[in-house]
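What follows is a short report on a single structure.
The values are calculated or read from the model by the stated rules, or taken from the named source; none is laboratory data. The structure presented is a predicted model; accordingly, all values stated were derived computationally and were not measured. Cβ placement follows ideal geometry from the backbone for every residue including glycine, while neighbour counts extend to all protein chains displayed.
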Ligand SMILES: Cc1cc2nc3c(=O)[nH]c(=O)nc-3n(C[C@H](O)[C@H](O)[C@H](O)COP(=O)(O)OP(=O)(O)OC[C@H]3O[C@@H](n4cnc5c(N)ncnc54)[C@H](O)[C@@H]3O)c2cc1C
């Protein structure tokens, strides 16, 4: 690991003032620290944001659940309010990594990092989330830009993520047996007007599968997608799963999710 | 006094390990020590055109940078293969030189070529990044099956072939096959594995310029053997000036048998710079440079009669040695593999032919089971296929070909002293509710799932010894063990063993044995191992040999103590030694009923005199003290055996395999501590099931390791396993006084074919390779659906 300067910001203003083109925010550190140790990333400044009170906490209203950026996975998994309003979201958080990761990793870090196999991005898409930053509000559909790429500008800080409460929803993950990240994860959410089928792991970036969404918006039952075959040409293929297998898993996991709703 | 052998004595090690008081190599720090970082090849095969250390040398904190040139100048020897194997045509095997630091050419990703020694780890790391190497990258050879057609890796080794070995009689096999009603044949791959001991390798080398002695603390399974190799072949230091200490070691599984490059380089360099040097592997270095296991490509055939009698067996295997041949690299795919490939069956004619090839991958060597998992996988997959093709129940077919009389002269090499394979099979079937399987299959079917049941029976030759046998087969050293049993004057006992415990619980098992032999409370017995300065000598722990060889040396040393005790008692109680009996720690003169405790005898042996009298309790000519040494070289290997049964359920939509039930019924001979044996069985099963369902080391065609971290290499976890159903049949070994056979490797040997037979059964007999990942199984399920719909 290369040397770096460590800062602990006491509020959002200070955090954003300290940030530069060669800095990173330190939330759970579950992504940042391993990549620095492996020499995959190096920064001049690390800005700890965990002491910024305003970034933590869970608020539930009639229509939405808002989760502060530094809220840990374990807090979402155990939150009574989340379990009541969007049980599938608590469920998703409970399935991230292992206890150590859940005890440190944060929702803001996960969303900002936008790992192609991470779980939370699918929740953002499925639950029509709004990403609140220190500068603006960004709709989830415009936030995730590509592999490890988001709409965040350099030094822009996520403050909270606001999820729309659906009528029904379920997240079904087919974990990679080694890393337990999603080979494919499918988040199905039935809203009043339409159905979102957010898919993680299958492509370089999380996306809403239009074909599945359409079929399920017409008829919300697993039989309506029973025999669907998805185009796998732009899906990921690696030592863990071929594109063809991923395409099949998207449908299988979507069916499971619908059945679990 | 109740016997401790056979009881679930709590582990003496537990308190130390569970309270964080273990002392591993990386826990040890010496004053003024330096830190080493190795510069490793990022290429699988390349010439070193230029190595420039000038910039790195100026980096802060650098003490010294040493390269392959210096090691060659100092004539430090390379790493060696411990067994010489002869090819079928009578020629000796061909092995390349394996210098501890490469000088001209690197042969796998991770091959070290320089060491940077600095005042701190960070400084060493940052200097190592400044070592600049100009490589000419060459085409790598990575495929086991195609290695013989690849570019020549090592000059003078044609076709990358180390040896082409034959065991058995081709002509007899041909005759047997000519008589067969049917020939069952199979092509299998035994997937490559990475041992993944919990504690990464580490070493700390110290040099004392006054005594000219090197002390090496290292993560070794066999410190005495390491010292011998480093002295005799490595030219690091004369044996009496080299002390090797292997303190607590966190798992080995074979990966810590070898003397590694880092051990030799740090020991040599410590003397050169006259300071201690510490090196601790990072996990990614472990993945790249620890020895790997398995990696065979096999074609095998079984000649059978229509009613299921086995007539003949052929085994044609290509075994990958990796870039270099290491200590057990050449014996693992030959004598540890070939003889066991006929399994637990009477097969009149058989041969095993193994071509061992070099590739540009990490060296492959002994990994838990070493050769015997590969052998068992070959025969048990073949027998399972035979049962399908012949339409004979898989357990009946096996029993039909089991030997019924012991000793059983197995086709190729071994004479198995004892066993009862039919009893083992019957007990396993009962434990697994084999007969109730159909109902469980129907239940799975009703839920849209596929269910399969798999059986495998195994035997293994372990307790690796006798010296005369192994040396006749090419082993470079004898494989006996030694023990020293030492009483203190105040009655406690220290037992020194040449075996090494890195998870096997010797401190408990060996103490149980000594407690029974000597009648001393177990709390008063300490087991010391892991230091060449303490105790006599030992060849180490691998091949399930600690108890069957090392444990017996302890028994024999204890017996010598008792003999001496009888002589001393006789003198003290004015009887003749023949009239003295020893029981539960007391020497009793039967005629007079007078007695002495063993503690009193120990005291008398160390304080042999009485105030105011010129009188000794010791017989004339008897030496004072109570300490005995024994070397034990058994008359044969030992032969554990058993039958395992697994059931899996498959989700055809995702291909996920769930291991529903696992039954292991093993014959380990006499069991000293059932709790410890269960632990060994569980661990072995976890690794065997890991091989079948999860683990796979994969290189791409350029020789980059694709599975170099836990993100990509699937280590099984507790939630991948059902509760194991474990039972035993116990036929005592006749080749050692305890009747023990060894239990460390059985799980890793039996589980892969057991689980794969179940998976393949669920898939209607379709062959798939290990590991049976969800995707492979999903594809097979799709084929099954297609062929079922065609049939309908
Ligand atoms: C062993 C292991 C297993 C894992 N398994 C899973 C899994 O199954 N599923 C899954 O989804 N994830 C998994 N993860 C990732 C985990 O969820 C991480 O917590 C997450 O990716 C990053 O969150 P963090 O709080 O640790 O972020 P950090 O590592 O602290 O930061 C990550 C990046 O996000 C930026 N960042 C952090 N907070 C903010 C913010 N508020 N605003 C703007 N930028 C910010 C940082 O600058 C940095 O670039 C795993 C991680 C590990 C180590």
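Do you know which residues across the stretch A:91-102 are in a helix (DSSP H, G or I) and either more than 10 Å from the ligand (Cβ to nearest atom) or at positive phi (or both)?
Of all residues in the stretch A:91-102, those in a helix (DSSP H, G or I) come to A:91-94, A:99-102.
Once the filter is applied, which keeps residues that are in a helix (DSSP H, G or I) and either more than 10 Å from the ligand (Cβ to nearest atom) or at positive phi (or both), the stretch A:91-102 yields A:91, A:94, A:99.
Might you check whether a residue that is farther than 26 Å from residue B:703 by Cβ, free of Cβ contacts under 8 Å to residues at least 60 places away in the same chain and in a loop (DSSP other than H, G, I, E, B) occurs anywhere in the stretch B:81-90?
Within the stretch B:81-90, one or more residues are farther than 26 Å from residue B:703 by Cβ, free of Cβ contacts under 8 Å to residues at least 60 places away in the same chain and in a loop (DSSP other than H, G, I, E, B).
Check whether at least one residue in the stretch A:104-111 is surrounded by fewer than 24 Cβ atoms within 10 Å (Cβ to Cβ), over 13 Å from the mean Cα position of the chain (by Cα), within 7 Å of the ligand (Cβ to nearest atom) and not in a strand (DSSP E or B), and report yes or no.
The answer is yes; a qualifying residue exists.
If you go through the stretch B:474-494, how many residues are at positive phi and not assigned by TED's automatic domain parsing to the domain that holds residue B:565? Full working, then the answer.
Step one: filter the stretch B:474-494 for residues at positive phi, giving B:474, B:491.
Imposing the further condition that a residue be not assigned by TED's automatic domain parsing to the domain that holds residue B:565 reduces the set to B:474.
So the count comes out to 1.
Here's the yes/no breakdown for (1) in contact with a helix residue (DSSP H, G or I) (Cβ under 8 Å, 6 or more places away or on another chain); (2) within 14 Å of chain B (Cβ to nearest Cβ); (3) more than 19 Å from residue A:117 (Cβ to Cβ); (4) part of a loop (DSSP other than H, G, I, E, B):
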{"position": "A:189", "(1), (2), (3), (4)": "yes, no, yes, no"}
{"position": "A:198", "(1), (2), (3), (4)": "yes, no, no, no"}
{"position": "A:213", "(1), (2), (3), (4)": "no, no, yes, no"}
{"position": "A:217", "(1), (2), (3), (4)": "no, no, yes, no"}
{"position": "A:224", "(1), (2), (3), (4)": "yes, no, yes, no"}
{"position": "A:227", "(1), (2), (3), (4)": "no, yes, yes, yes"}
{"position": "A:238", "(1), (2), (3), (4)": "no, yes, no, yes"}
{"position": "A:252", "(1), (2), (3), (4)": "no, yes, no, no"}
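Which fully enclosed helices (runs of 4 or more DSSP H) of the stretch B:368-450 have 1 or more residues being free of Cβ contacts under 8 Å to residues at least 12 places away in the same chain and surrounded by fewer than 17 Cβ atoms within 10 Å (Cβ to Cβ)? If you could, list the steps in order and put the result at the bottom.
Working: elements: B:372-390, B:394-401, B:421-431, B:437-446.
In the stretch B:368-450, the matching helices (runs of 4 or more DSSP H) lie at B:421-431, B:437-446.
Within the stretch B:664-676, can one find any residue that is closer than 30 Å to residue B:446 by Cβ and at pLDDT 95 or above?
To start, the set of residues in the stretch B:664-676 that are closer than 30 Å to residue B:446 by Cβ comprises B:664-665.
After this cut, where a residue has to be at pLDDT 95 or above as well, the list is B:664-665.
Yes, some residue in the stretch B:664-676 is closer than 30 Å to residue B:446 by Cβ and at pLDDT 95 or above.
Return only the number of the condition from (1) out of contact with any strand residue (DSSP E or B) (no Cβ under 8 Å at 6 or more places or on another chain); (2) more than 14 Å from chain A (Cβ to nearest Cβ); (3) crowded, with 24+ Cβ neighbours inside 10 Å that residue B:692 does not satisfy.
In the conditions (1) out of contact with any strand residue (DSSP E or B) (no Cβ under 8 Å at 6 or more places or on another chain); (2) more than 14 Å from chain A (Cβ to nearest Cβ); (3) crowded, with 24+ Cβ neighbours inside 10 Å, residue B:692 misses (2) alone.
Go through the stretch B:708-733 and count every residue that is within 14 Å of chain A (Cβ to nearest Cβ), under 20 Å from residue B:689 (Cβ atoms) and surrounded by 15 or more Cβ atoms within 10 Å (Cβ to Cβ). Steps first, answer last, please.
As a first pass, look at the stretch B:708-733 and keep what is within 14 Å of chain A (Cβ to nearest Cβ): B:708-721.
Keeping just the survivors that are under 20 Å from residue B:689 (Cβ atoms) gives B:710, B:712-721.
Narrowing further to those that are surrounded by 15 or more Cβ atoms within 10 Å (Cβ to Cβ): B:712-716, B:720-721.
Matching residues across the stretch B:708-733 total 7.
Among A:118, A:189, A:160, which is the only one that is over 30 Å from residue A:13 (Cα atoms) and either near the ligand (Cβ under 10 Å from one of its atoms) or more than 14 Å from the chain's Cα centre (by Cα) (or both)? I'd like the intermediate steps shown before the answer.
Values: A:118 fails: over 30 Å from residue A:13 (Cα atoms); A:160 fails: over 30 Å from residue A:13 (Cα atoms).
Only one candidate qualifies: A:189.
Being away from chain B (no Cβ under 14 Å), more than 9 Å from the ligand (Cβ to nearest atom) and part of a loop (DSSP other than H, G, I, E, B) is the filter here, so list the residues in the stretch A:24-51 that pass it.
Correct list: A:44, A:51.
Of B:697, B:762, B:780, B:758, which residue is within 14 Å of chain A (Cβ to nearest Cβ), under 21 Å from residue B:654 (Cβ atoms) and crowded, with 20+ Cβ neighbours inside 10 Å?
Numbers: B:697 fails: under 21 Å from residue B:654 (Cβ atoms); B:762 fails: within 14 Å of chain A (Cβ to nearest Cβ); B:758 fails: within 14 Å of chain A (Cβ to nearest Cβ).
After ruling out the rest, the residue left standing is B:780.
Which of the residues spanning the stretch A:155-178 are within 14 Å of chain B (Cβ to nearest Cβ), in contact (Cβ under 8 Å) with a residue 40 or more places away in the chain and not in a strand (DSSP E or B)?
Initially, the stretch A:155-178 is screened for residues within 14 Å of chain B (Cβ to nearest Cβ), giving A:172-178.
Narrowing the set further to residues that are in contact (Cβ under 8 Å) with a residue 40 or more places away in the chain leaves A:172-176, A:178.
Residues satisfying the conditions are A:176, A:178.
Residue check: is residue B:44 in a helix (DSSP H, G or I) and modelled with pLDDT of 95 or more? Steps first, please.
Details: in a helix (DSSP H, G or I): no; modelled with pLDDT of 95 or more: yes.
Answer is no for this residue.
If you take the residues of the stretch A:52-69 that are assigned to a loop (DSSP other than H, G, I, E, B) and surrounded by fewer than 18 Cβ atoms within 10 Å (Cβ to Cβ), which of them is farthest from the ligand (Cβ to nearest atom)? Outline the logic, then answer.
Initial filter on the stretch A:52-69 (assigned to a loop (DSSP other than H, G, I, E, B)): A:52, A:56-57, A:61-63, A:69.
The next check asks that each one be surrounded by fewer than 18 Cβ atoms within 10 Å (Cβ to Cβ); those that pass are A:57, A:61-63.
Working: A:57: 13, A:61: 21, A:62: 26, A:63: 23 Å.
By that ranking, first place goes to A:62.
Within the stretch A:135-144, is there a residue that is surrounded by fewer than 23 Cβ atoms within 10 Å (Cβ to Cβ), in a loop (DSSP other than H, G, I, E, B) and more than 13 Å from the chain's Cα centre (by Cα)?
First, the residues of the stretch A:135-144 that are surrounded by fewer than 23 Cβ atoms within 10 Å (Cβ to Cβ): A:135-139, A:141-142.
Restricting the remaining residues to those that are in a loop (DSSP other than H, G, I, E, B) gives A:135-136.
If we keep only those that are more than 13 Å from the chain's Cα centre (by Cα) as well, we get A:135-136.
Checked against the condition, which is being surrounded by fewer than 23 Cβ atoms within 10 Å (Cβ to Cβ), in a loop (DSSP other than H, G, I, E, B) and more than 13 Å from the chain's Cα centre (by Cα), the stretch A:135-144 yields at least one hit.
Return yes when residue A:234 is within 14 Å of another protein chain (Cβ to nearest Cβ), under 19 Å from residue A:147 (Cβ atoms) and either out of contact with any helix residue (DSSP H, G or I) (no Cβ under 8 Å at 6 or more places or on another chain) or in a loop (DSSP other than H, G, I, E, B) (or both) and no when it is not. Can you show your working first?
On the way: within 14 Å of another protein chain (Cβ to nearest Cβ): no; under 19 Å from residue A:147 (Cβ atoms): yes; either out of contact with any helix residue (DSSP H, G or I) (no Cβ under 8 Å at 6 or more places or on another chain) or in a loop (DSSP other than H, G, I, E, B) (or both): yes.
Spelling it out, it is not the case that residue A:234 is within 14 Å of another protein chain (Cβ to nearest Cβ), under 19 Å from residue A:147 (Cβ atoms) and either out of contact with any helix residue (DSSP H, G or I) (no Cβ under 8 Å at 6 or more places or on another chain) or in a loop (DSSP other than H, G, I, E, B) (or both).
Which condition does residue B:512 not pass, out of (1) under 30 Å from residue B:231 (Cα atoms); (2) assigned to a helix (DSSP H, G or I), if it passes all the others?
Unmet condition: (1).
Considering each of A:88, A:21, A:16 in turn, give the residue that is part of a helix (DSSP H, G or I) and within 19 Å of residue A:154 (Cβ to Cβ).
Details: A:88 fails: within 19 Å of residue A:154 (Cβ to Cβ); A:21 fails: part of a helix (DSSP H, G or I).
Only one candidate qualifies: A:16.
Residues of the stretch B:209-240 being surrounded by 18 or more Cβ atoms within 10 Å (Cβ to Cβ), touching a residue at least 40 places away in the same chain (Cβ under 8 Å) and in a loop (DSSP other than H, G, I, E, B), which ones?
Selection gives B:219, B:220, B:221, B:222, B:234, B:236.
Which count do you get for residues in the stretch A:71-85 that are under 14 Å from residue A:30 (Cβ atoms), more than 7 Å from the ligand (Cβ to nearest atom) and part of a helix (DSSP H, G or I)?
The number of residues fulfilling the criteria is 1.
Residue check, residue B:680 against (1) out of contact with any strand residue (DSSP E or B) (no Cβ under 9 Å at 6 or more places or on another chain); (2) within 14 Å of chain A (Cβ to nearest Cβ); (3) more than 16 Å from the ligand (Cβ to nearest atom), all met but one. Which one?
Failing condition for residue B:680: (2).
So, in the stretch B:639-657, exactly how many residues are out of contact with any helix residue (DSSP H, G or I) (no Cβ under 8 Å at 6 or more places or on another chain) and either away from every other protein chain (no Cβ under 14 Å) or under 26 Å from residue B:341 (Cβ atoms) (or both)?
Initial filter on the stretch B:639-657 (out of contact with any helix residue (DSSP H, G or I) (no Cβ under 8 Å at 6 or more places or on another chain)): B:639, B:651.
Retained after the next criterion (residues that are either away from every other protein chain (no Cβ under 14 Å) or under 26 Å from residue B:341 (Cβ atoms) (or both)): B:639.
Selection size over the stretch B:639-657: 1.
Taking the stretch B:584-594, which residues are touching a residue at least 24 places away in the same chain (Cβ under 8 Å) and touching a helix residue (DSSP H, G or I) at 6+ places or on another chain (Cβ under 9 Å)?
Restricting attention to the stretch B:584-594, the residues satisfying the condition of being touching a residue at least 24 places away in the same chain (Cβ under 8 Å) are B:584-586.
Once the filter is applied, which keeps residues that are touching a residue at least 24 places away in the same chain (Cβ under 8 Å) and touching a helix residue (DSSP H, G or I) at 6+ places or on another chain (Cβ under 9 Å), the stretch B:584-594 yields B:585, B:586.
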